[in-house]
Amino acid sequence: MQLVKLVNVPLVERSYVIAVGENLLRDVGRTCSKLNLGPRCAIITDSKVANRYSGALEESLRLGGFEPKLITFPSGEKYKNLKVVQSIYDQLAKHRLDRKSLIVALGGGVVGDLAGFVAATYLRGISFIQVPTTLLAQVDSSVGGKVGVNLKAGKNLVGAFHQPRFVSCDTQLLKTLPLKEFRSGLAEVIKYGIIYDPGLFDQIERDMAKLLVQDTQTLTDVIARCCQIKSEVVCQDETEIGPRAILNFGHTIGHAIEAISGYGKLLHGEAISIGQVAAARLSNRLIGLMPDSVHRIENVFRAAGLPTRMKFTRAKVARVVEAMHLDKKVSGGEINFVLAEQIGKVRWGEKVPLKLMEEVLLAPEPKS
Ligand SMILES: NC(=O)c1ccc[n+]([C@@H]2O[C@H](COP(=O)([O-])OP(=O)(O)OC[C@H]3O[C@@H](n4cnc5c(N)ncnc54)[C@H](O)[C@@H]3O)[C@@H](O)[C@H]2O)c1
Ligand SMILES: [Zn+2]
């Protein structure tokens, strides 16, 4: 029996379903045939993913009655830009995609964000679906409707909110993902446990070995739970005016660490792993997160093979603080933090005194 879990994202007329399970790629065409669209469609993907998976997806779409056109761009964050968007618009126009056409985003978060942005803007918005192929994309970037590209001035500075019509998370596709990328996705998975669900956190602690070998049942359960949590958070706050901020746990420090290390040195998941451990320690000092919980948080990131600390000097801490001020999540000069009261429960909009931040970042690693 094929293992599939369905998660609803109830956003009234923009509601959609996320399917999570094994071997779903071959069913994508059949699912899309129910969307009441015309036959023209474009698969947007990056070169690495195209090599492995575009053939199977094209075949599935043809069986579903579509005429897929494959559009690829080179893999990597630096191609998530307006130049690539422009060249894709031209190709869509050349192939006469119209308002009834479909865009299929096949790839990691870079592809999902860029293809989703193209779908949000081409002809003032056409339908798109997400076929995420990285763990990060399956649990995070493909859910929630934030799409966009980078400018020279910074990441994700141009974008839109555009919900997909359907998301298909095929766990089988993750088998070819480099282990480092998979571990990086686990940093977001652990985050959902910390911010929302102590039961999920317990399960991740217990089943880490199974997750690391990509046991299908465990992976399907955990990815579906993460999508469910993201769906609940996003539906309370579709356009990010308030409660969606809890998804940024560990990200204020994490983004600053990414910025000062030079983008690309550390994977996003590695930076937010360090960021979440620092946020847990700040939570202990400011809102009473129990020392045992701080310990469990640090250990679970370690068990996932992620870094939890960085060697900070005073100069480096000063650069982190400066980078935090430049981050767009700063309002009115104050840095807003998400802190944890306990595992599974966080508060957002917490202010952290600069001195304490320095103290926590500079503290030596405990012997364990
Ligand atoms: N929209 C959102 O809400 C949101 C949330 C989080 C992150 N993001 C964005 O997501 C992006 C990062 O996404 P990512 O981590 O998936 O990176 P990515 O898309 O660059 O993928 C990582 C690497 O893995 C390769 N790859 C992808 N799938 C593969 C597979 N199945 N097998 C082998 N190789 C594969 C890619 O070619 C790439 O080299 C960032 O641009 C970030 O801003 C967006
Ligand atoms: Zn993140």
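Annotations for the structure displayed:
- Each residue in segment 128-153 was checked for being open to solvent by 20 Å² or more (accessible area, probe 1.4 Å) and either touching a residue at least 24 places away in the same chain (Cβ under 8 Å) or assigned to a helix (DSSP H, G or I) (or both), and 7 of them qualify.
- Pro164 open to solvent by 40 Å² or more (accessible area, probe 1.4 Å), in contact with a strand residue (DSSP E or B) (Cβ under 8 Å, 6 or more places away or on another chain) and away from ligand 2 (no atom under 16 Å from the Cβ): no
- The set of residues in segment 318-335 being on the phi < 0 side of the Ramachandran plot and either out of contact with any helix residue (DSSP H, G or I) (no Cβ under 7 Å at 6 or more places or on another chain) or modelled with pLDDT of 90 or more (or both) consists of Ala318, Arg319, Val320, Glu322, His325, Leu326, Lys328, Ser331, Glu334.
Residues are listed down the side, and each one gets a yes or a no for (1) hydrophobic (A, V, I, L, M, F, W, C); (2) closer than 26 Å to Leu177 by Cα; (3) in contact with a Gly (Cβ under 6 Å, 6 or more places away or on another chain); (4) open to solvent by 60 Å² or more (accessible area, probe 1.4 Å):
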| site | (1), (2), (3), (4) |
| --- | --- |
| Leu11 | yes, no, no, no |
| Gly21 | no, yes, no, no |
| Arg40 | no, no, no, yes |
| Val49 | yes, yes, yes, no |
| Leu57 | yes, yes, no, no |
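- The residues in segment 348-358 that are under 16 Å from Ala315 (Cβ atoms) and open to solvent by 60 Å² or more (accessible area, probe 1.4 Å) can be counted, and the count is 1.
- If you go through segment 293-317 and keep only what is at pLDDT below 95, assigned to a loop (DSSP other than H, G, I, E, B) and among the aliphatic types (A, V, I, L, M), you end up with just Met310.
- When segment 267-307 is limited to residues that are of a type in the set (S, T, N, Q) and within 16 Å of ligand 2 (Cβ to nearest atom), the one that is nearest to Glu350 (Cα to Cα) turns out to be Gln276.
- Residue list for segment 237-258, filter: at pLDDT below 85 and either open to solvent by 20 Å² or more (accessible area, probe 1.4 Å) or within 16 Å of the chain's Cα centre (by Cα) (or both): Glu238, Thr239, Glu240, Ile241, Pro243
- Residue match in segment 268-276 (condition: modelled with pLDDT under 95, among the β-branched types (Val, Ile, Thr) and more than 15 Å from ligand 1 (Cβ to nearest atom)): no
- All strands (runs of 3 or more DSSP E) inside segment 18-124 with 1 or more residues being closer than 27 Å to Gln228 by Cβ, in contact with a Lys or Arg (Cβ under 8 Å, 6 or more places away or on another chain) and in contact (Cβ under 8 Å) with a residue 60 or more places away in the chain: 102-107
- Scanning segment 169-197 for residues that are free of Cβ contacts under 8 Å to residues at least 60 places away in the same chain, within 16 Å of ligand 2 (Cβ to nearest atom) and among the hydrophobic types (A, V, I, L, M, F, W, C) yields Phe182, Val189.
- Residue tally, condition open to solvent by 10 Å² or more (accessible area, probe 1.4 Å) and more than 11 Å from Ile343 (Cβ to Cβ), over segment 185-207: 3
- One residue stands out among those in segment 97-117 that are closer than 19 Å to Lys48 by Cβ and among the aliphatic types (A, V, I, L, M): the one that is surrounded by the fewest Cβ atoms within 10 Å (Cβ to Cβ), which is Val110.
The values are calculated or read from the model by the stated rules, or taken from the named source; none is laboratory data. If you're wondering where the values come from, they're calculated on a predicted model, not measured in any experiment. Counting neighbours? That spans all protein chains shown, and the Cβs are built from the backbone with ideal geometry, glycine included. Just so you know, the surface numbers come from the protein's heavy atoms only, side chains and all, with ligands and any DNA or RNA stripped out. Shrake-Rupley method; radii C 1.70, N 1.55, O 1.52, S 1.80 Å.
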